[in-house]
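Below is one structure; the comments refer to it alone.
Derivation of every value follows stated rules applied to the coordinates shown; laboratory data play no part. A quick note: this is a predicted structure, and the numbers were derived from the prediction, not measured. Cβ coordinates were reconstructed from backbone atoms using ideal geometry, including for glycine residues, and neighbour counts include every protein chain displayed.
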Amino acid sequence: MSTRIYIVDDHPLVRQGLSKIIANEADMEICGEAEDAPSAMKGVGEANPDVIIVDISLKGNNGLELIKNVKAIHEDIPILVFSMHDETIYAQRALRAGAKAYVMKKETPSKVVDAIRRIIKGEIYVSPSVADQVLHQIVNGPSNASTSPVDRLTDRELEVVQLIGRGLSSREIAESLHLSVKTIESSRSCKREAQPTQRNRARSVLRSVGRPASDVVSPSGS
């Protein structure tokens, strides 16, 4: 019996690429796909897949929120995150949300197939470097001194800070995340009062993800 896989990604070319990879495996098949979280929630309920492949960046809710929502209803379906985002920043967040695997889009197709086979057997699949990070924290415990600015952000804060770093206004961020402008402005106000400031945190985050701190633009509130 084939393993039935559901794909959630907002890029049609990525969905097509994954479909071709999976079509080459005799014991796997695509049972559905979606480009956003609401469609995915409905589609997963109807298709009842064996595995779900999810991207971090989606229209509306991000992939981490979708993972949490899916696991709340479909607890036994393993989820594989397939993303362009740096695994050192997102892999552990994805695992905490309920995913069983994290594969970066730059990896070879065989890694995707291997990850699928691992998680349907109940195993967890991450790169050796991420596995080392997790084991280090288990053995030594979290260290506040070594915690990066990225690690101190909540999932939503990380998403907002990344958008601020791209120079988006409060209104643009609100529209992108389907939140009210008031909510974004409230978040900005809280961060201005905290130390380090939101701007400094944004610069620290950008440095952590390999982008220059100068990418942080003074955003307008409109």
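Miscellaneous remarks
- Which listed pairs, of LYS20/LYS71; LYS20/LYS121; LYS100/LYS121; LYS20/LYS68; LYS71/LYS106; LYS20/LYS42, have C-alpha distances above 20 Å, in listed order: LYS20/LYS71; LYS20/LYS121; LYS20/LYS68; LYS71/LYS106; LYS20/LYS42
- Stretchable slack from GLN133 to THR88, in nm (0.36 nm times residue separation minus alpha-carbon distance): 15.3 nm
- Packing-based exposure ordering (other Cβ within 10 Å, fewest first) of MET41, MET84: MET84, MET41
- For the pair SER180 and GLU107, the difference between a 0.36 nm per residue extended length and the Cα-Cα distance amounts to 22.6 nm.
- Computed label-point distance, nm, for sites ARG4 and GLU123 using a 7 Å Cα→Cβ extension: 2.5
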